[in-house]
Structures are given as C-alpha cells and as structure tokens.
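First up is the structure itself, then whatever we jot down about it.
The values are calculated or read from the model by the stated rules, or taken from the named source; none is laboratory data. These figures come from a predicted structure and were not determined experimentally. Here Cβ is always computed from backbone atoms with ideal geometry, including for glycine, and neighbour counts include all displayed protein chains.
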Amino acid sequence: MRLINTRAIRTSWFRMALGYAVLLIISVSVLFGLLYWNTAVFVAEQTEETIEVEISGLAEHYQKAGLVGLSEVIQERSRGQRLSLYLLTDPNRRPLAGNLNSWPTASKPGDWIDFEYQRPIGSRIVEHRAHARHYVLPGGYNLLVGYDVQDQVRLERRMRGSMIWIGALALILGLGGGLLMARHWLRRIDSVNKTAREIMDGDMSRRVQLSGSDDELDRLARNLNAMLDRIEALMAGLRQVTDNIAHDLRSPLNRLRSRLEVTMMDDPDKEVYRTALVDTMREADELLKTFNALLLIGEAESGLDWSKLETVDLSTQTNDVAELYEPAAEDAGITLRAEIAPDILVRGNPNLISQAIVNLLDNALKYTPSGESVVVSVGTDSAGDAFFEIADSGPGIPASEYENVLNRFVRLEGSRSTVGSGLGLSLVAAVAKLHQAQLVLKDNEPGLAVRMSFPRLLSA
Amino acid sequence: MRILIVEDDTDAATYIAKALSEAGHVVDMAANGEDALEIASESHEVLIVDRMMPKLDGIQLVEQLRSDGVVTPVLFLSALGKVDDRVEGLRAGGDDYLVKPFAMAELIARVEALGRRKGTPEAQTKLVCGDLEMDLITRDVRRGDIKIDLQPREFKLLEYLMRNATRVVTRTMLLENVWGYHFDPQTNVIDVHISRLRGKIDKDFDKALLETVRGAGYRLNAAD
C-alpha cells in the first residue's frame, strides 16, 4: 500500500494541508532559531565579559603586588567549588598557581580557547567544558582565566534536542490542522458540487446549504441559490406558457376541426361549404392573433438584452398612439384627452412600449361608455420617475382583482368569450417587467387607471 | 409581373405560386438558396425569399445577390418575427419582411407594392390619381378645383395610398408605413382613419376613389 498516491497530491485538500504544514514548520523554526541564537549568544557574551573583567583585575594586581602577590590571589580564588578556572605559568608554561594542573591546549597570547578539563565533583571526577582566555603578563608569564561552561553546553544541547521535537510536533500539528482546515472548506465546496450534480440530475428544488457564517463561501452559495431561484422561476414561467398555449390554442383548434368534420358529414351544397370555410379562416386568424400575442409576451418576459434597449421618447410614442386612436374614440363617442409633458425619455424597446400603450388604450376605449372620456397622460411623478397613464371611466375592476388581472390569461368573469382580450394586460405586465417599470392599477372613480412608471433616465 | 419564390417548403411555395398566378403573375420557384442563385434573372421583378433554408439561407442569398449587383426587390418570408430579426433581414438587403403565417391577400399586396417601387421615379414632386392631385412640395391636395385640408397624418396616409394607387394596400402595410408600427392593434383603428380620409376626398364627389377590398384592405382607384 502506498502512503501517498498521486491522486491525493492532486486534490486540493492535500495540497492545502501540506502547504499549511510547511508554513507552520518554517515559522516555528525561524522563531525557535531566533530564541536559541539570542539565548546562547547572550550567555556566551556574559561569560567572556566576566573573564575580561577578571583578567584586567588580575593584571592590575600583578603590577601592584608582583608575581608572588598574584600567585596568592590566584591560589585564594582557586579554592572551593567555584566555576572560575585559573592557571598562572612561567614563560615555559610550567604551572605556578591555579586550579588547572597544566596548560590545556596550544594557544597564542590573546586567544580565546575552548577545552575539556577534569573536575572533581564530590568523590567523582567528571569532564567539563570550559571557555578561557590566554593572557601574557609583563615578564612573559602566562595567565589563563576561564569559566566552566558545562551548564551552557547542557542548555544548548537540550535546546537543540527540543528543536527536533518541536519541529516534529509542528509537522504533525501543521499537517493535522491543515487537513482539518482544508477538509472544512473543501467539504463545503463539495456540498456545492453535490448540489450542482443533484440539480443536473433533475432535482431543480435543491439548494446549496449555508453555514451561517456569512463568509465568502456563504455569499457564493447565496448567489448560486438566488440564480437557481431565478432559473427555476423562468422554467416555471416557460412551463406555464406552454400550458397556456396548449390551452388557448388547443380548444379553438379543436373547434375548428370539429366544424370541418361536421360540415362534411352530410352532403352539403356549395354555399354551406363556403360558409364553413369562411368561418374556419376567421377562426384561424383569431388563433394566429392569440399565438402572436403569446409569442410577444414570451419575448418580453424572457427579458430582452438590456444593452439593446434604446432611448425612447415616451412623449412622442404616447402622442402617436393617442393620435392613432383619436378617430376611433370619437366614433365611439368617447373624448380622448392627451395630457402629455414633452421630452420625457426612458430606456426601452420602442416597439414594445408602443404596443403596451396601444393595448391599454384599446382596453380603455373598449370599456368606456359613450359620452365619457379617456385620459392619456405622460409626465414625471414626485419621485422623478417617468410614467405614462391611461385612465378610463368605464366600470373599472374591483381592487381585489388587480393582481389577477395582470396575470397571464386571467380574464375577468364574463369576458372569457372575447378572444385575446385577456392577453392585452398580460403583455403590458410583461413589458413593464422587461423595463423594470412599475405597473400600478388604481381606481379612477369611476373607471380604471393604469400607470407604468419607468426608472429615471437622467441623460439621453 | 414575373416573380421568383425561394422556399424550401414546396407545399407552401405551391400555394403561394397558385395565389400569385391567380392574381395574374408569372411565378418561378427555387427550393433553396443555391438553386435561386442559378435561376434568378433580370426578368424577375420581385423575389420572395424564405429566411431559413438548407444550404444557402435567405439572408446569405440576398447578401450574395446584392453583392453581385442584383437590385431586384426582395420580400422576406420568415417564421422569426422579432424586431431584431426584421432589422437583420432589411439590413441584409431585403425590402420588406413578412412574418409567417400571413394572409395571401397580404402577401400579394406587398409583392405588388414592391414591384411598383422599381418603376417609381425618385424625384417625384406630384402625385396624381384621376382628378386627385397631391403636391409633395407645397403639400397642397386638390380634387378637381377643390382644395382639401388634411391633417399631417392624413396627408401621409393619402400619400402612401397615392404612391400605391390601383394596388391593394393592407391595414398592416398602412400601420407599418404610415405609423411605423410593426404590430397589429387588433382593432379597427385604421378603418376609422380611412373613413375620415374618405370623408374628405370622396364624400362630396360623384366618384369614390378610395375602395375597400374585402378581406384584404384598401385601394385608391381612379378607373371605373
């Protein structure tokens, strides 16, 4: 069994854990190295300083008291278990005084030397390490002043020993910690992957779990979920369109087919055939109208490319529609009033906006009784948003129905038989949605007022 | 007129050919863009081109023809009806764009309007139809000795009808060309405008010039 296989190296969690461990080991080593170096150097410097001070003290004493005086002091200081080491020799390195038996190692005057020496501790003799300086007194006498550094050596040795342990520990902690950390993050990423796979397998209702920490991953997950919600809504919309198309096209198609079939059942004369065909063609035309309206709603609802929208002069567009309808309104005995502020600009698709105005106006004229009036207005509201409004004085719509009216295919009770009439407002709603415009229905007392307000367009 | 239909749906092409023949035109057919490049000739006055075809599609065909210097008017037929699709078709060199499904009357009217366009002199300053005259510069409209006052839109409407005099003009053609709308308001708004115009140009005269063509549209006609 191989401990590390290549697949493990390629996965992110392994690389993350390894990186984390390496980083930890480097940090610990640097930190410990600094500590070790500081401590050891500091203690060594202290030792050398002490030795220097002692040498200069002894040299001074030699000047004052001569060789005999110096020997006495050295003999004095050499007694007992002190850690200081002394050796005074004649120019031929024969010992005169001190607690070392012989010159420990070859050296030149002024040298710092390190050596091992035999130290009696109780009844035993042990070898200790010492650090010393070789000094030459006037007259050629050699003086060695040193210090037992066995404790320092032991400290250093122990520090070096622990360094290995600490390194090993850092490696284990680093790897372990890195693994835990990497696993924590990657498990969350894996959960996103798992959700994605489940969705691809067809379960659109799946959503990525949030950890609740509101970190980057949570935000990513939230955005993904929002995106999925939107996609699901679009898909549901599409499904509804399909259902609606099926419903609104199948019934008339069936009617059409039945008529042809029944006409051919008995042996009709030419005139009967002709009537049936004319009726069939009229029905086909109505079907086409419905179909076109459905397509247009689909187009508006699917959302055009926002970048393809252009600056639309709402005032002109509305005015043109009002002008188109004015004769028809007059014929129906309805006063069509246009209260249009000039140069109101919005961002949008001119064709769809015109169509929305047409549909609303068409509707308004259809429901307004003769002798009454319809007002078409364009302007800016208190919030600075551009709007157009069509207000009729017909029977209006109960406030509770406002929501329903805007939904596709929902027709008010009783108007179901009027082909296509339900699509008009749905298209308006789709156009509003596409333009991120607000569509508001309100009571015109009497009648219905429909207002579409567009986000403010500051410059053309 | 001699007309070339380029359409891969042969059933549909046959129906169109039959309708155009009955309207008195001579029709050739091509089943795809490549064949059309071979068949198309100077003698064709209008090309009817389906947008989506195997091999060379409608857009590519028309671009090819235009770059070869062929200026024959082209009417695109398409199942794609979005504004962008229409713009793409016209930009490729098409002269008109009709979305499927369409009424035969609509197709014939548009084809005939396109055929006429070729012969119309560019710098025409005066339009005449019987005793109805329109001066495009002074914007004076007279019938016989009587001056007729028209609103700007009525003027545009009459101008379009006069430019297409003796031909059938459909409601959709009027909406597109006079009002610039590419959708169908599904009501009789155009009829009302026509009847107003009629009130001005025909009401006090013995002979009515503006006829309604059942199931198709309108026609300005001075002949009896």
(message) When you check B:D149 against the structure, is it more than 30 Å from A:I297 (Cα to Cα), in contact (Cβ under 8 Å) with a residue 12 or more places away in the chain, away from every other protein chain (no Cβ under 11 Å) and of a type in the set (D, E), yes or no?
(response) yes
(request) Scan segment A:70-92 and give yes if some residue there is surrounded by 16 or more Cβ atoms within 10 Å (Cβ to Cβ), in the same structural domain as A:R129 (by TED's automatic domain parsing), within 60 Å of the chain's Cα centre (by Cα) and at pLDDT 85 or above, otherwise no. (result) no
(request) Considering each residue of segment A:342-384, count those that are within 11 Å of chain B (Cβ to nearest Cβ), in contact (Cβ under 8 Å) with a residue 40 or more places away in the chain and among the hydrophobic types (A, V, I, L, M, F, W, C), and give that number. (result) 5
(request) Just one of (1) surrounded by 16 or more Cβ atoms within 10 Å (Cβ to Cβ); (2) in contact with a Gly (Cβ under 6 Å, 6 or more places away or on another chain); (3) of a type in the set (A, V, I, L, M); (4) assigned to a loop (DSSP other than H, G, I, E, B) trips up B:L150, so point out which. (result) (2)
(message) Being closer than 21 Å to A:E54 by Cβ, assigned by TED's automatic domain parsing to the domain that holds A:G66 and in contact with a His (Cβ under 8 Å, 6 or more places away or on another chain): is that true of A:D111 here?
(response) yes
(request) Could you list all residues from segment B:170-224 that are among the β-branched types (V, I, T), within 14 Å of another protein chain (Cβ to nearest Cβ) and in a helix (DSSP H, G or I)? (result) B:T172, B:V178, B:V189, B:I190, B:V192, B:I194
(request) Could you look through segment A:104-156, keep only residues that are within 19 Å of A:Q63 (Cα to Cα) and not in a strand (DSSP E or B), and pick out the one that is farthest from the chain's Cα centre (by Cα)? (result) A:G139
(message) Being touching a Lys or Arg at 6+ places or on another chain (Cβ under 6 Å) and more than 22 Å from A:R282 (Cα to Cα) is true for just one of B:L210, B:L197. Which residue is that?
(response) B:L210
(message) Anything in segment A:315-341 that is within 14 Å of another protein chain (Cβ to nearest Cβ) and in contact with a Pro (Cβ under 7 Å, 6 or more places away or on another chain)? List them, or say none.
(response) A:Q317
(request) Taking B:M162 as the residue in question, decide whether it is away from chain A (no Cβ under 14 Å) and under 14 Å from the mean Cα position of the chain (by Cα). (result) yes
(message) Quick check on segment A:344-363: of everything there that is in a strand (DSSP E or B) and touching a Phe, Trp or Tyr at 6+ places or on another chain (Cβ under 8 Å), which residue is surrounded by the fewest Cβ atoms within 10 Å (Cβ to Cβ)?
(response) A:R347
(message) Restricting to segment A:385-402, name every residue that is assigned to a helix (DSSP H, G or I) and touching a residue at least 40 places away in the same chain (Cβ under 8 Å).
(response) A:A399
(message) Tell me whether segment A:290-302 contains one or more residues that are more than 24 Å from B:V189 (Cα to Cα) and either modelled with pLDDT of 90 or more or surrounded by fewer than 12 Cβ atoms within 10 Å (Cβ to Cβ) (or both).
(response) no
(message) Let me spell it out: the conditions are (1) touching a helix residue (DSSP H, G or I) at 6+ places or on another chain (Cβ under 8 Å); (2) more than 28 Å from B:K82 (Cβ to Cβ); (3) free of Cβ contacts under 8 Å to residues at least 40 places away in the same chain, and B:D202 meets all of them except one. Which number is the exception?
(response) (1)
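Quick grid of which residues meet (1) surrounded by fewer than 16 Cβ atoms within 10 Å (Cβ to Cβ); (2) assigned by TED's automatic domain parsing to the domain that holds A:L238; (3) at pLDDT 50 or above; (4) within 39 Å of the chain's Cα centre (by Cα):
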position: A:G394; (1), (2), (3), (4): no, no, yes, no
position: A:Y402; (1), (2), (3), (4): no, no, yes, no
position: A:N407; (1), (2), (3), (4): yes, no, yes, yes
position: A:E413; (1), (2), (3), (4): yes, no, no, no
position: A:R416; (1), (2), (3), (4): yes, no, no, no
(message) Restricting to segment A:425-444, count the residues that are touching a Ser or Thr at 6+ places or on another chain (Cβ under 9 Å) and farther than 23 Å from A:E310 by Cα.
(response) 2
(message) Checking the condition touching a helix residue (DSSP H, G or I) at 6+ places or on another chain (Cβ under 9 Å), closer than 25 Å to A:L234 by Cα and within 13 Å of chain B (Cβ to nearest Cβ), which residue from A:E299, A:E286 passes?
(response) A:E299
